[in-house]
1. Test of understanding: what is the full-extension gain from ALA168 to ALA94, defined as 0.36 nm times their sequence separation minus their Cα-Cα distance?
2. If eta is 1.002 mPa s and T is 20 °C, what Stokes-Einstein diffusion coefficient results for region 79-149, Kirkwood Rh from Cα pairs, in µm²/s?
3. Taking the dipole about the Cα centre of region 2-188, with the C-beta of Lys and Arg at +1 and of Asp and Glu at -1, give me whichever of ASN3, PRO38, ASN141 is farthest to the positive side.
4. Quick check for me: using +1 on Lys/Arg Cβ and -1 on Asp/Glu Cβ, what's the dipole size of region 2-188 about its Cα centre, in debye to the nearest 20?
5. Before rounding to the nearest 500, sum -39500 (n - 2.57) across all DSSP H runs of length at least 4 in the chain and divide by the residue total; then give [θ] at 222 nm in deg cm²/dmol.
6. I need the phi-derived Karplus couplings for region 121-128: 6.51 cos²θ - 1.76 cosθ + 1.60, θ = phi - 60°, integer Hz, Gly and Pro marked x.
7. Any idea what angle helix 163-188 forms with the longest principal axis of the chain, computed on alpha-carbon atoms, 0 to 90 degrees, nearest 10?
8. In this model, which of LYS91/LYS184; LYS74/LYS114; LYS110/LYS159; LYS37/LYS114; LYS17/LYS159; LYS58/LYS114 are farther than 21 Å apart at the alpha-carbon?
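What follows draws every value from the coordinates through simple rules; no lab data is involved. Because the structure is a prediction, the values reported are computed rather than measured. A quick note on method: Cβ atoms are made from the backbone with ideal geometry, for glycine too, and the neighbour counts reach across all protein chains shown.
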Amino acid sequence: MKNIAVFASGTGSNAKKIIEHFKNSPLARVSLIVSNKPGAGVLEIARNYEVPTLIIDKERFFDGDAYVPQLLEKQIGFIVLAGFLWKIPTKLIAAYPEKIINIHPALLPKYGGKGMYGSRVHEAVITAGDAESGISIHFVNEVYDDGRIIFQVSCPVTKEDTPETLAARVHALEHAHFPRIIEKLLSENK
Ligand code: GRF
């Protein structure tokens, strides 16, 4: 049984889907929700599903032990970033090689990098006049949105789309695929 930690800074709708997906799985369990925001919606979700939480502090994350001893002590074997906005420090990447993944709401390498999150991504796609967008699930390295891509799927962008309507379409894709891709990865590398 693998213990997954989901790192999230926001609403946590992906975290919710992942918790639900693994609730009765013999393969893995979401055993920890990590957040840098004490008021984040994801913490309410964690409470509802009785998943332990860890609120992290900037200084310790970036200049201290990056919470590695704590994660190891909780026997966390896999880390999923689902709307987590801080960069992952080298110490944490080194402790979890190829065991940290992120989801990005566009077709990387387009529309990635620092500051490209939330509605900014969808605004950029619409402004560029792209006919399609989508989601990218990738391994995390030291550069924002740069690690090896594991999975992508696209959706159309229509002329009538606003950042909100496109965001909703992309979110639906995330919910449909993210838990399943995590499961696939975990079952491939036991
Ligand atoms: C998702 O769109 C994800 O791609 C991005 O942050 C968003 C998180 O949404 N990295 P939610 O908090 O899971 O609803």
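1. Numbers: separation 74, 0.36 × 74 = 26.64 nm, distance 3.45 nm.
Computed gain between ALA168 and ALA94 is 23.2 nm.
2. 171
3. Value computed over the given set: ASN3.
4. Numbers: 21 positive and 21 negative charges, 70 e Å.
With only Lys, Arg, Asp and Glu charged at Cβ, the dipole is about 340 debye.
5. Numbers: 7 runs with 72 residues, N = 190.
After summing the helix terms and dividing by the residues of the chain, the value is -11000 deg cm²/dmol.
6. 5, 5, 4, 5, 5, 5, 4, 6
7. The helix 163-188 is inclined about 40 degrees to the chain.
8. Result: LYS91/LYS184; LYS74/LYS114; LYS17/LYS159 exceed 21 Å.
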